[in-house]
Ligand SMILES: [Zn+2]
């Protein structure tokens, strides 16, 4: 299962030799700087920073107020010179860029759908997607419908007699025109068509218009 929560990433560490105030031995004192990162399987964004001085002999964490001056000086230098890497958030940046791209693409598509539906032309071909229940959850089937009449806001379509899963849709597309379409005509209003255009808000809808070709 993906880890969700805050992890501490050590981004700098150094040691000084000094007397440990806890075990009173001359020891290597490790100074470590940590950057907290909120992760959901991958690092999403940075949280607060944390630092720690640890005695490598007695393994105790030394409170800053008790730490030897030499260790504190070293710590001050490290804090100003060492910066946590931002590369661990690369995947998050990638996700954000993808989301921006998808939303731009969606609004471009929506513009196209609106234009085509508001001004329907005989011959426009709508690609449709219908969800049907299957053993492994809903499965999507693709098909087409073609405008054969336009009467004000009442638009007549002939339905394609075939449907296919996503990978096989080109097989339907390449069938001869005279074998492809139903004789029966079904009617939609412009408003109904717009409500059925695929969008982020109707992901669960059984029937959506996935594309329009002119
Ligand atoms: Zn110690």
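Look at the stretch 46-79 and say how many of its residues are over 23 Å from the mean Cα position of the chain (by Cα) and more than 13 Å from residue 14 (Cβ to Cβ).
Result for the stretch 46-79: 17.
With the requirement that a residue be assigned to a strand (DSSP E or B) and buried (at least 17 other Cβ atoms within 10 Å of the Cβ), what does the stretch 165-193 give you? Show your work before the answer.
Initially, the stretch 165-193 is screened for residues assigned to a strand (DSSP E or B), giving 181-189.
If the condition is that a residue be assigned to a strand (DSSP E or B) and buried (at least 17 other Cβ atoms within 10 Å of the Cβ), then 181, 188 are the ones that fit.
On the basis of being touching a residue at least 12 places away in the same chain (Cβ under 8 Å), within 42 Å of the chain's Cα centre (by Cα) and either more than 16 Å from the ligand (Cβ to nearest atom) or not assigned by TED's automatic domain parsing to the domain that holds residue 200 (or both), does residue 43 make the cut?
Taking the combined requirement at face value, the residue satisfies it.
Among the residues in the stretch 42-63, are any assigned to a loop (DSSP other than H, G, I, E, B), in contact with a helix residue (DSSP H, G or I) (Cβ under 9 Å, 6 or more places away or on another chain) and modelled with pLDDT under 95?
yes
Please find, within the stretch 80-114, the residue that is modelled with the highest pLDDT out of those that are out of contact with any strand residue (DSSP E or B) (no Cβ under 7 Å at 6 or more places or on another chain) and not in a helix (DSSP H, G or I).
So the residue we want is 83.
Condition first: closer than 22 Å to residue 83 by Cβ, without any contact (Cβ under 8 Å) to a residue 24 or more places away in the chain and away from the ligand (no atom under 16 Å from the Cβ). Now tell me which residues in the stretch 46-71 satisfy that.
Residue satisfying the conditions is 48 alone.
Could you please let me know if residue 89 is more than 27 Å from residue 16 (Cβ to Cβ), in contact (Cβ under 8 Å) with a residue 24 or more places away in the chain and either more than 16 Å from the ligand (Cβ to nearest atom) or in the same structural domain as residue 17 (by TED's automatic domain parsing) (or both)?
Numbers: more than 27 Å from residue 16 (Cβ to Cβ): yes; in contact (Cβ under 8 Å) with a residue 24 or more places away in the chain: yes; either more than 16 Å from the ligand (Cβ to nearest atom) or in the same structural domain as residue 17 (by TED's automatic domain parsing) (or both): yes.
Here the answer is yes, as residue 89 does meet what is asked.
Kindly indicate which of 82, 112 is away from the ligand (no atom under 16 Å from the Cβ), in contact (Cβ under 8 Å) with a residue 40 or more places away in the chain and within 30 Å of residue 24 (Cβ to Cβ).
Numbers: 112 fails: within 30 Å of residue 24 (Cβ to Cβ).
Answer to the check: 82.
Looking at this structure, is residue 5 assigned to a strand (DSSP E or B), on the phi > 0 side of the Ramachandran plot and either within 16 Å of the ligand (Cβ to nearest atom) or modelled with pLDDT under 95 (or both)?
Judged against the criteria, residue 5 is a match.
Which one of these does residue 27 not meet: (1) touching a strand residue (DSSP E or B) at 6+ places or on another chain (Cβ under 7 Å); (2) away from the ligand (no atom under 11 Å from the Cβ); (3) without any contact (Cβ under 8 Å) to a residue 40 or more places away in the chain?
Residue 27 satisfies all of (1) touching a strand residue (DSSP E or B) at 6+ places or on another chain (Cβ under 7 Å); (2) away from the ligand (no atom under 11 Å from the Cβ); (3) without any contact (Cβ under 8 Å) to a residue 40 or more places away in the chain except (2).
Return the only residue of 193, 203 being assigned by TED's automatic domain parsing to the domain that holds residue 129 and under 21 Å from residue 118 (Cβ atoms).
When all the criteria are applied, what remains is 193.
The values are calculated or read from the model by the stated rules, or taken from the named source; none is laboratory data. Nothing here was measured: the structure is a model prediction, and the numbers come from that model. Backbone-built Cβ (ideal geometry, glycine too); neighbour counts: all protein chains shown.
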